[in-house]
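**Q** The structure under discussion is supplied below as structure tokens; questions concerning it will follow.
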Amino acid sequence: MQSRGQGLLKGMWVTLKTLFKKPPTVMYPDEKEIPVPRARGVIALDTDACTVCMLCARECPDWCIYIEGHKEEQPPAKEGGRVRARATLDRFDIDYALCMYCGICVEVCPFDALFWSPEYEYSEMKISAMLHDKDRLTDWLSTVPDPPALET
């Protein structure tokens, strides 16, 4: 059995050892933390890839995605072909005040229109400004890193 003095000495040794180490904390406003390349920051939108299928909005557990669209008739690809209807995106909003960043919307998108961006500085002074529209979500598409290379 150890005496009480040995336990106290071990505790003091741990305290002294960690006292002179540099803390792992990053002082945020002064120093910017560099996130890992595939970090979950904000969701970016590729409006050209979105087909307004609304699968992301239906699967969202927080119901924080709002989508509106309409159908436009496209001319036939070949002469004598039929006129096709294509869905056009009118509104795509994400309310980040409600979002819990689970990533279900990114995973279920069959057309790869949603991506994780490592951008994390998008706080607002008013909670109503946390509703980001499709223009702001499209701006973050440039911050999305390239996907990792496939194994051969």
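The values are calculated or read from the model by the stated rules, or taken from the named source; none is laboratory data. Quantities reported herein were computed from a predicted structural model and do not represent experimental measurements. With ideal geometry, Cβ positions are generated from the backbone for all residues, glycine too; neighbour counts draw on all protein chains shown.
**Q** If I go through region 28-46 residue by residue, how many of them are assigned to a loop (DSSP other than H, G, I, E, B) and either modelled with pLDDT of 95 or more or surrounded by 16 or more Cβ atoms within 10 Å (Cβ to Cβ) (or both)? Walk me through it before giving the result.
**A** Step one: filter region 28-46 for residues assigned to a loop (DSSP other than H, G, I, E, B), giving 28-41, 46.
Filter once more, so that each one left must be either modelled with pLDDT of 95 or more or surrounded by 16 or more Cβ atoms within 10 Å (Cβ to Cβ) (or both): 41, 46.
Selection size over region 28-46: 2.
**Q** Answer yes or no: is there a residue in region 112-124 that is hydroxyl-bearing (Ser, Thr, Tyr), closer than 17 Å to Arg38 by Cα, surrounded by 13 or more Cβ atoms within 10 Å (Cβ to Cβ) and in contact (Cβ under 8 Å) with a residue 60 or more places away in the chain.
**A** Here is the first cut: in region 112-124, the ones hydroxyl-bearing (Ser, Thr, Tyr) are 117, 120, 122-123.
Still in the list and also closer than 17 Å to Arg38 by Cα: 117, 120.
Narrowing further to those that are surrounded by 13 or more Cβ atoms within 10 Å (Cβ to Cβ): 117, 120.
Those still in the list that are in contact (Cβ under 8 Å) with a residue 60 or more places away in the chain too: 117, 120.
Yes, region 112-124 contains a residue that is hydroxyl-bearing (Ser, Thr, Tyr), closer than 17 Å to Arg38 by Cα, surrounded by 13 or more Cβ atoms within 10 Å (Cβ to Cβ) and in contact (Cβ under 8 Å) with a residue 60 or more places away in the chain.
**Q** Consider region 61-87. How many of its residues are surrounded by 13 or more Cβ atoms within 10 Å (Cβ to Cβ), among the β-branched types (Val, Ile, Thr) and more than 19 Å from His132 (Cα to Cα)?
**A** 0
**Q** Please go through region 12-27 and pick out each residue that is surrounded by 10 or more Cβ atoms within 10 Å (Cβ to Cβ) and modelled with pLDDT under 90.
**A** Within region 12-27, Val26 is the sole residue that qualifies.
**Q** With the checklist (1) among the acidic types (Asp, Glu); (2) within 30 Å of Glu119 (Cα to Cα); (3) modelled with pLDDT under 95 in hand, flag the one item Glu59 doesn't pass.
**A** With (1) among the acidic types (Asp, Glu); (2) within 30 Å of Glu119 (Cα to Cα); (3) modelled with pLDDT under 95 applied to Glu59, the lone miss is (3).
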